[in-house]
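Q: This is the structure I want to talk about, given as structure tokens.
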Amino acid sequence: MINISLLEQKIKNLFLNEGTGHDWFHIDRVRRMALYICQQEGGNHEIVEAAALLHDVPDEKLNHSKEEGIAKLNHLLDELPFSAEQKKEIADIVLHISFKGGNETKLTNLNAKIVRDADRLDAIGAIGIARTFAYGGSKGNPIYNPEYKVRNQITEEEYRNQPTSVINHFYEKLLKLKDLMTTETGKKLAVEKHEFMEIFLKQFYREWNNGTGMEQETPKKV
């Protein structure tokens, strides 16, 4: 049994006050969800836990450059008591679970599927909604602008850098995640969270129209 409490503390110190919705509490929820899915589906719980704790370390949104993020990941991996093969697997999981505007990597590794589903489950539902607004605010994105069209089939660079609104992000990513779950447990857990987001959006459009009962059309696709 590998004790990764030191890694946990390092990650907590790195992300505790992070303000974009990718904070320590998000990482801990993903870790706990990943371990739950692992218990249901199989997989290596030590690999899954380490990858879940590390999954946001190299994220380009949270670093000045891709190289900086990968350097941080490698530094933390070097300190872990895993074999070289296990470290490679953990790094591969961390570097290949991101949505990237829909330009994602097709996964064949069960441990990677578990961590990806756990991360995506935290991106939807009530907490996912809260995190989406936190991130949008940190990027200076408006809550909603009817003039902004939903971006579809875009590059990773366009996904990260083109202007958008928080509401559009639901259509560009969050509402797609239920059907992109890769484990049976993830698929089951995603249903209620997805339905809650649909209820939220319906109420949002009612209030956008001053409670008149008129439903705002969903954003148009580019």
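Q: Where only protein heavy atoms count, and the probe is 1.4 Å, what is the accessible area per residue for the chain in Å²?
A: Ligands and nucleic acids excluded, the figure is 53 Å² per residue.
Q: Where in segment 166-180 does the amide nitrogen come within less than 20 Å of the point 7 Å from the Cα of E198, taken along Cα to Cβ?
A: Inside the label zone: 167-180.
Q: Using the alpha-carbon atoms, what tilt in degrees (0 to 90, nearest 10) does helix 184-208 show relative to the longest principal axis of the chain?
A: 30
Q: Dipole of the chain (Lys/Arg Cβ +1, Asp/Glu Cβ -1, origin at the Cα centre): which of A52, V191, A118 lies farthest to the positive side?
A: V191
Q: Further question on the same structure: Using packing as a proxy for protection, rank 37-48, 12-23 so that the peptide with the highest average count of other Cβ atoms within 10 Å comes first.
A: 37-48, 12-23
Q: Would you kindly find the accessible area of Y36, with a 1.4 Å probe and non-protein molecules such as ligands, DNA and RNA excluded, rounding to the nearest 10 Å²?
A: 100
Q: May I pose another question? Let me check I have the definition right: for segment 61-157, take the eigenvalues of the Cα gyration tensor, multiply each by 5, take square roots. What are those semi-axes in whole Å, largest first?
A: The equivalent ellipsoid of segment 61-157 has semi-axes of 29, 16, 14 Å.
Q: Build a GNM of the chain with springs between Cα atoms under 10 Å: which of G140, G128, G186 gets the top mean-square fluctuation?
A: Comparing G140, G128, G186 in the GNM, the peak value goes to G140.
Q: Among the lysines, which have Cα under 19 Å from the Cα of K176 when same-chain residues fewer than 8 positions away are ignored?
A: Straight-line reach from K176, under 19 Å: K100, K106, K113, K149, K187, K188, K193, K202, K220, K221.
Q: Of (i) 1.05; (ii) 0.98; (iii) 1.09, which is the value of Cα Rg over 2.2 N^0.38 Å derived from the coordinates here?
A: (i)
Q: Further question: Which of the trypsin sites (Lys or Arg not before Pro) across segment 85-139 are loop residues per DSSP, with 11 or fewer other Cβ within 10 Å?
A: Within segment 85-139, the qualifying trypsin sites (Lys or Arg not before Pro) (loop, at most 11 other Cβ atoms within 10 Å) are K106.
Q: I'd like the distance separating the alpha-carbon centroids of segment 83-125 and segment 21-50, in whole Å.
A: So the separation of the two Cα centres works out to 11 Å.
Q: Give me the mean projected area, in nm² to one decimal, of the convex hull enclosing the Cα positions of segment 109-213.
A: 7.5
Q: Once neighbouring chains are kept in place and the probe is 1.4 Å, which whole percent of the accessible area of the chain is contributed by carbon and sulfur?
A: That fraction is 50 percent.
Q: What whole-number volume per residue, in cubic angstrom, does the convex hull of the C-alpha atoms of segment 1-119 give?
A: Taking only Cα atoms, segment 1-119 has a hull volume of 103 Å³ per residue.
Q: Run the helix sum for the chain: -39,500 (n - 2.57) per DSSP H stretch of 4+ residues, divided by residue count, reported at 222 nm to the nearest 500 deg cm²/dmol.
A: Value at 222 nm, helices only: -18000 deg cm²/dmol.
The values are calculated or read from the model by the stated rules, or taken from the named source; none is laboratory data. Since the model is a prediction, treat every value here as computed from it, not as a measurement. Cβ sites come from the backbone with ideal geometry, for glycine too, and all protein chains shown count toward neighbours. For accessibility, only protein heavy atoms count, side chains too; no ligands or nucleic acids. Shrake-Rupley method; radii C 1.70, N 1.55, O 1.52, S 1.80 Å.
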